[in-house]
1. So which of SER429, SER408 ends up being more than 24 Å from LEU257 (Cα to Cα), surrounded by fewer than 17 Cβ atoms within 10 Å (Cβ to Cβ) and either in contact with a Pro (Cβ under 7 Å, 6 or more places away or on another chain) or among the hydroxyl-bearing types (Ser, Thr, Tyr) (or both)?
2. Considering only residues that are open to solvent by less than 50 Å² (accessible area, probe 1.4 Å) and among the hydroxyl-bearing types (Ser, Thr, Tyr), look in the stretch 228-249 and name the one that is modelled with the lowest pLDDT.
3. Output the residue which, of all residues in the stretch 89-139 that are exposed (fewer than 13 other Cβ atoms within 10 Å of the Cβ) and of a type in the set (Val, Ile, Thr), is modelled with the highest pLDDT.
4. Here are the criteria: (1) part of a strand (DSSP E or B); (2) open to solvent by 60 Å² or more (accessible area, probe 1.4 Å); (3) hydrophobic (A, V, I, L, M, F, W, C). Tell me which single one ALA401 does not satisfy.
5. Give just the number: which of (1) closer than 30 Å to ASN268 by Cβ; (2) open to solvent by 30 Å² or more (accessible area, probe 1.4 Å) does ASP363 not satisfy?
6. Could you grab me the full set of residues in the stretch 151-171 that are within 20 Å of TRP17 (Cα to Cα), open to solvent by 90 Å² or more (accessible area, probe 1.4 Å) and under 24 Å from the mean Cα position of the chain (by Cα)?
7. List the residue pairs whose Cβ atoms are under 9 Å apart, where the first residue sits in the stretch 249-263 and is under 17 Å from LEU364 (Cβ atoms), the second is aromatic (Phe, Trp, Tyr), and the two are 6 or more positions apart or on different chains.
8. Just to be sure I understand the filter: pairs with C-beta atoms under 8 Å, separated by 6 or more residues or on different chains, first member in the stretch 88-111 and farther than 30 Å from ALA35 by Cβ, second member open to solvent by less than 30 Å² (accessible area, probe 1.4 Å) and among the small types (Gly, Ala, Ser). Which pairs pass?
Amino acid sequence: PANPLTSRVMVNRVWAWHFGTPLADPGDFGVQQAAPPLLPLLDWLAIRFNEQGGSLKKLHRLLLTSQAFRLAADGPEANRPIDESNTLFWKWNRRRVDFEGMRDRLLATAGTLDTSAPGGRSVLLDNASSDARRSVYVFVDRYALPSTFVSFDLPHPDHHSPKRVETSVPQQALYFLNGPLVLRQAAKLAADPAFRNLPDDSARLRWVYGKIYQREPSAAETRDALKWLASADPADYQPRLGGTWEIRHALDTGGPLGEVLPFPIFSNNVWKTGPDPATAPIRWLNAGATGGHVSAGHVLVLRWRALASGQVRMVGKIERTQKGGVPLAWEISNRTARHVLAPEGNAKIEGEWTQVVAGDTVDLLLSAPNGDNCGGVSWNLRILGRETPEAEAAEVGNLRAQFPTSDSPPPVPAAADPWADLIQMLWASNEFHFID
């Protein structure tokens, strides 16, 4: 009772968590420390904490139901010249929530946070599968602290830190512009059926403000938001031109390409029809990232599939890798111009510009019309693309760098949504980050 040091430290920390400022310096309770302005309150709380058996629940209830906790941030002006720094807590201190609280608030307002199953193993911060978990369950790796933690002032677990340092750095704003978690949650909230089924944009705006701020937008906020939404150019929200590669085969009928089939086996970084190409159901037919082998009676299809709209052309080089053998044949899509690839020869691929939309394909077709004795062939294929005829061409596909190792088709990217951008703006605002 004469020196409840442990209790002093504990109630001081709990006070600081709720009020944003401690009653005493949390890192120094020594005799050389200046006496806290509210030392009698600190001692009273410590003694009461002891008398109630060290119950944190009762301490929380006391602080959260106190008059001090219910004060507004705009207190009586007469108090300002007496105690401008608010050391006596005559008003509320506006303060920014810490990273964990901010993340939980974001997930809660997005409708993602799941509080029905407390406890369990820790989760990785940046994984989409962790989005439903509270931040208290995020794994802290003392040897490789995630950069997001560093940007938002999480103390390093190897260092002593009696309190958090609060900074405002550009990385925090950038997190709300392009952080994967924020992008995922903004898209999720903008796709909520309850939001989409509202009759007009004004109703949607009120719904979003209610979810994020628990209030309705002002007339000025409504005017500015609706004006910005109306000015958004739909072209800016379309998926960027890109695509994926597929390795396929088909029967060589000498005419238009028939049914295109996937390879049943991927082993040792090669697509093939059996464990041993020499005895496989389609002998010798196989394809890897840099080359493969064609089979008589079949067409090897190296296919690029567009995931957005624009103009594309296939470029690159194919080359015979073994001396001797019979000629091969190659062509780009649609079997309109079949070319011969002589033994020990090579060919430069220069496809024409083609307009594509999501789902369209550009193929390099390789066949062996003169038999299996053709040897291997290497390739280096790229797709150049531009979204408009006037735009500068850029590489949007590279077979070696993007060689498919799975036959599962990737999801087709959906168009972005200006409403998701607006939601990100609201989440990045001071009103969302500060407790008033």
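1. Checking each option against the conditions leaves just SER429.
2. Only one residue tops the list, namely TYR237.
3. The selected residue is VAL136.
4. Evaluating ALA401 over (1) part of a strand (DSSP E or B); (2) open to solvent by 60 Å² or more (accessible area, probe 1.4 Å); (3) hydrophobic (A, V, I, L, M, F, W, C) leaves (1) as the failure.
5. (2)
6. Correct list: SER168 only.
7. Cβ pairs passing all conditions: HIS249/PHE263; HIS249/TRP271; PRO262/TRP271; PHE263/TRP271.
8. PHE99/SER135; GLU100/SER135; GLY101/SER135; ARG103/SER135; ASP104/SER135; ALA110/ALA186
The values are calculated or read from the model by the stated rules, or taken from the named source; none is laboratory data. All values derive from a computational prediction rather than experimental measurement. Positions of Cβ are backbone-derived with ideal geometry, glycine not excepted, and every protein chain shown enters the neighbour counts. Calculation scope for accessible area: heavy atoms of the full protein, side chains included, ligands and nucleic acids excluded. Shrake-Rupley method; radii C 1.70, N 1.55, O 1.52, S 1.80 Å.
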